[in-house]
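Chemist: The structure is given below, and queries will be raised subsequently.
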Amino acid sequence: MIDSRLVGAFAALLCSAAAAAHGPAVSRYRVNELPVPDSLSAACLSAYSRGASITRINDFGVVNASSFCYTTVDTVNPMILSTGATFVAAPWFGAVELPRTNPGYSYSYTINNRGELFGYESGTPEGGGLFATKWTLAGGHERIFFDPACGTIQFQAAVDGNGRYTVGWALRGDPSLPPPVDELCIKMRWVIRDATGVETSGPLGGSPAAINIQNVAVGTVDRSGVRYHVPSGQLTVLHAADSAHSVDPTDINDLGEVAGRITQNAQPDVFNACDPSVAVRWERDGHERVLPHLPGAVSSHAFGVGYDGETVGDSGAGAYCSYTDNSGERAALWEGGRAFDLNTLIPRAAGITLTYAYAVNRRGQITAGGYVNDEPMTLCPSYQYDSNNGTVSVVTVACHNTHMFVLTPVGR
């Protein structure tokens, strides 16, 4: 059940006027750190890394995020167990865990202005996999996109919604394959649910990332970046993939502007999120603009697109899949074709280092993640395989706890 203070606060917001887009480029931000619900920290091991990843922020300043921590680390009998769950938070009410159908993990991709969140939760041993889930700040919690043809093990997620359509991804059958393989749920495809609850299939071979109020979604199809008009099924390629590059749109605003990245494939025809990339912004007319790295950086991601020319993401060493906390990355803001390190736009007295920025709302508020500079380092464990003798061990490296922040333009 959702906390009553959250319901009341959001009801009051819905009665207020919609937030207006902010004005000219801002130069400074004030910082609010958001907490992780106490209910999600009870089982965490104190010596090991913990924290949360913040994702979207709606126009009322409410964010969705997901916690993470280690619950078991055994170096003698190699074993690493972790836990995580999704929650909502804001500077003015704290943080509230979202409900789960079963004990296990959950994750949310987005939150919209209707107070709806979209993501997935884990199943049970009897019905495993990932189950697409929709939550509401009023206490709603439902699983969607279930396909009986895929049996008891389902793999799907809800990604975003605008009140008329919910978009997500799922492993489904591929009719282009010969029988009986064509009925196996092994191919990624878009899935769509309308306001009446009718579920249909979208493009095959990819997944959506976001949908705007105009019913236009962005995402991937066969490693290419696309726009997809949901009611008509019209698909437009923003940037076609080739053997050496994959394209990954990550956000679209209500003006039709899109943020994303183009990745340099380390292996031909294979997208890997670990590979370095360049941040990209597409204007509403489809014009593509490659965004510069921060000085000295070799890679960038663009994750969110705002309403006054802003794009946010990260830029740095491009070591995206290490078991550390990507301390070499820095949260980036692009305005007018220039790249700014967000760490230079917040008070030095905040004592934090921002490693990524993920979203920006109409008020110009930015969600960001990073670490507290004077907080002691903790440990990040990982499995290590020895190819010489075929054994697996647990190794640890020093890392930071991760914290999440909302940046608000000064004077707004």
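Readers should treat all values here as calculations from the given coordinates under stated rules, not as data from a laboratory. Just so it is clear, the model here is predicted, and its values are computed rather than measured. Please note: Cβ atoms are built from the backbone with ideal geometry, for glycine as well, and neighbour counts cover all protein chains shown.
Chemist: What list of ³J(HN,Hα) couplings, whole Hz, do you get for region 283-298 from phi and the Karplus terms 6.51, -1.76, 1.60, once you set θ to phi - 60° and write x for glycine and proline?
Modeler: My calculation for region 283-298 gives 6, 4, 8, x, 4, 9, 10, 7, 8, x, 5, 5, x, x, 8, 10 Hz in order.
Chemist: Extending each Cα 7 Å along its Cβ direction at Cys321 and Ser387, get the distance between those two points in nm, one decimal.
Modeler: 1.5 nm
Chemist: Got the relative contact order for the chain handy, in percent, Cα pairs under 8 Å and 6 or more residues apart? Can you show the working numbers first?
Modeler: Values: 1141 pairs, mean separation 59.2, N = 412.
Relative contact order, the chain: 14 percent.
Chemist: Give the distance, in whole Å, between the Cα centre of region 333-412 and the Cα centre of region 206-261.
Modeler: Between the Cα centre of region 333-412 and that of region 206-261, the gap is 26 Å.
Chemist: Then there's this: Helix-only estimate, please: 222 nm mean residue ellipticity of the chain, summing -39500 (n - 2.57) across DSSP H runs of length 4 or more and dividing by its residues, to the nearest 500.
Modeler: Estimated from H runs of four or more residues: -1000 deg cm²/dmol.
Chemist: To continue, here is another question. Before anything else, pin down the relative contact order of region 242-412: Cα pairs under 8 Å, at least 6 apart, normalised by residue count, whole percent. Spell out each step's value before the answer.
Modeler: Values: 429 pairs, mean separation 25.6, N = 171.
Taking the mean separation of contacting Cα pairs over the length of region 242-412, I get 15 percent.
Chemist: Of Thr391, Thr71, Thr136, which is the most mobile in a GNM of the chain whose springs link Cα atoms less than 10 angstrom apart?
Modeler: Taking springs between Cα atoms under 10 Å, the residue moving most is Thr391.
Chemist: Regarding region 242-412, what is the average projected area of its C-alpha convex hull, in nm²?
Modeler: 12.0 nm²
Chemist: A further question on this structure: Please give me, ordered by residue number, the trypsin sites (Lys or Arg not before Pro) of region 224-314 that lie in loop per DSSP and have at most 16 other Cβ atoms within 10 Å.
Modeler: Filter output for region 224-314: Arg284.
Chemist: Could you list which residues have their amide H under 5 Å from that of Gly202, counting only those 5 or more apart in sequence or on another chain, with H placed in the peptide plane?
Modeler: For Gly202, whose amide H was placed from the backbone, the distant partners under 5 Å are Trp190, Val191, Ile192.
Chemist: While we're looking at this one, here's another question. Bin width 20 Å, alpha-carbon pairs only: give the P(r) of the chain as whole percents, running from 0 to the bin holding the largest distance.
Modeler: For the chain, the pair-distance distribution reads 26, 62, 13, 0.
Chemist: While we're on this one: Would you calculate the separation in nanometres between label points at Ser232 and Glu288, each defined as 7 Å from the Cα along the Cα-to-beta-carbon direction?
Modeler: 2.2 nm
Chemist: Right, something else. Tell me, in nm to one decimal, what length is gained between Ala195 and Asp308 on full extension, where the rule is 0.36 nm per residue of separation less the Cα-Cα distance?
Modeler: 37.6 nm
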